[in-house]
Amino acid sequence: MLHCILASTSTVYGKPFLNYLLPEIDKLFKNNSEIIFIPFAQPGGISCSDYTAKVSDALAPIDIKVRGLHEFESPIDAISKANGIFVGGGNTFVLLKTIYDLGLFKPLQDALKNGVPYMGTSAGTNICGPTICTTNDMPIVYPPSFESIGIVPFQINPHFIDAEENSTHMGENRETRIAEYLYHNNTPVLGLREGSFIEIKGDSITLKGPLSAPLFRSGSKKEELPTGSDLKIIGL
């Protein structure tokens with residue numbers, strides 16, 4: 001039975017790291033005193049140990065102990081025995097490549113499908129769609145495949161930003177990029193604004209948080225989904 005929180009971002013403006021998600025994290029991992037953190041999305045500037053320590057400090061108020069996956073001699077065994085998993089943000093290409101390189105793709109997929117509570121933020125959310133093709137990140141490394149673990153039947157675009165009506169920016173906006181994806185692919189795309197998240201419980205997939213979310217389908221106009229929407233119907 002799936003039990004996941006897939007958040008657009010780890011941090012919302014004006015609040016500390018993970019602070020806005022603490023009530024959801026507390027519920028998600030309520031029966032787990034220790035979770036595994038996968039810190040591999042950071043391409044540089046912060047070490048795996050420092051990234052793990054940052055998460056540990058953020059979750060200390062709700063008494064959740066955090067161990068980084070890099071600390072284990074066998075990452076595959078660690079994932080197979082995990083009571084809870086959190087995958088943080090960074091660069092989605094770096095994250096997915098590392099998951100493939102360490103042989104974690106199938107163990108991670110199996111853990112989620114077997115009901116291990118999972119939380120993803122940003123890149124950690126992106127890898128839960130069928131592919132990572134709607135990430136905002138630059139392909140600074142090349143994973144063996146863009147195929148991801150496919151926990152939800154639609155693509156996700158975290159950190160979705162609406163185009164400013166009077167903007168003088170002459171480059172492509174987020175909607176344009178998603179339209180480019182849909183020109184070549186039929187899988188719907190859900191834009192997750194910062195502060196929004198997807199909650200998965202068993203067969204239920206629900207949009208949560210204070211904001212609505214735009215849904216893009218090939219050949220159709222954008223649809224704005226209110227918070228509380230049933231997202232399972234997107235993949236039908």
Please identify which residues in the stretch 159-198 have an amide N closer than 16 Å to a label point set 7 Å out from the Cα of Tyr13, following the Cα→Cβ vector. 159-167, 193-196
Just add up the charged neighbours of Ile132: K/R +1, D/E -1, any other residue whose Cβ is under 11 Å from the Cβ of Ile132. -1
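Order of Cys128, Cys133 from fewest to most other C-beta atoms within 10 Å?
With the sparsest Cβ surroundings first, the list reads Cys133, Cys128.
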Take the chain, compute every pairwise Cα distance, and split them into 10 Å bins from 0; I just need the percent in each bin. 8, 34, 38, 17, 3, 0
Of Pro16, Ala82, Phe197, which is farthest along the charge dipole of the chain in the positive direction, counting Lys and Arg as +1 and Asp and Glu as -1 at C-beta? Ala82
Could you sort the peptides 110-118, 15-23 by per-residue average Cβ neighbour count (10 Å cutoff), highest mean leading? 110-118, 15-23
The size of the Cβ-based charge dipole (Lys, Arg +1; Asp, Glu -1) of the chain about the Cα centre, to the nearest 20 debye, is 340 debye
Cα lying deepest toward the dipole's positive end in the chain, options Thr134, Ile234, Ile62, charges on Cβ: Ile234
Tensor-based shape of the stretch 135-207 (alpha-carbon gyration tensor, a/c under 1.5 rounded, otherwise prolate or oblate): oblate
Arrange the peptides 209-217, 94-102 so that the one whose residues have, on average, the most other Cβ atoms within 10 Å appears first. 94-102, 209-217
State whether the stretch 42-95 is rounded, prolate or oblate according to the following rule on the C-alpha gyration tensor (a ≥ b ≥ c being the square roots of its eigenvalues): a/c under 1.5 gives rounded; otherwise a/b larger than b/c gives prolate, and the remaining case gives oblate. oblate
Using 1/(1 + (r/R0)^6) with R0 = 25 angstrom and r between the beta carbons of Asn166 and Phe146, what's the FRET efficiency to the nearest 0.05? 0.10
Classify the stretch 52-147 from the C-alpha gyration tensor, please: rounded if a/c falls under 1.5, else prolate or oblate depending on whether a/b exceeds b/c. prolate
Going down the list Lys27/Lys232; Lys27/Lys65; Lys97/Lys222; Lys106/Lys221; Lys15/Lys106, which pairs span over 24 Å between their C-alpha atoms? Lys97/Lys222; Lys106/Lys221; Lys15/Lys106
Whole-Hz ³J(HN,Hα) from phi, Karplus 6.51 cos²θ - 1.76 cosθ + 1.60, for the stretch 29-43, glycine and proline x: 10, 4, 9, 10, 7, 9, 10, 9, 9, 9, x, 7, 6, 7, x
Kindly provide the helix-only [θ] at 222 nm of the chain, computed as the sum of -39,500 (n - 2.57) over DSSP H runs of four or more divided by all residues, to the nearest 500 deg cm²/dmol? -7000 deg cm²/dmol
Quick one: of the DSSP bridges fully inside the stretch 3-235, what percent are antiparallel, nearest 5? 50 percent
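Quick note: the coordinates plus some simple rules give every number you see, no bench work behind them. Since this is a predicted model, take the numbers as computed values, not measurements. All Cβ positions, glycine included, derive from the backbone under ideal geometry; neighbour counts span all protein chains shown.
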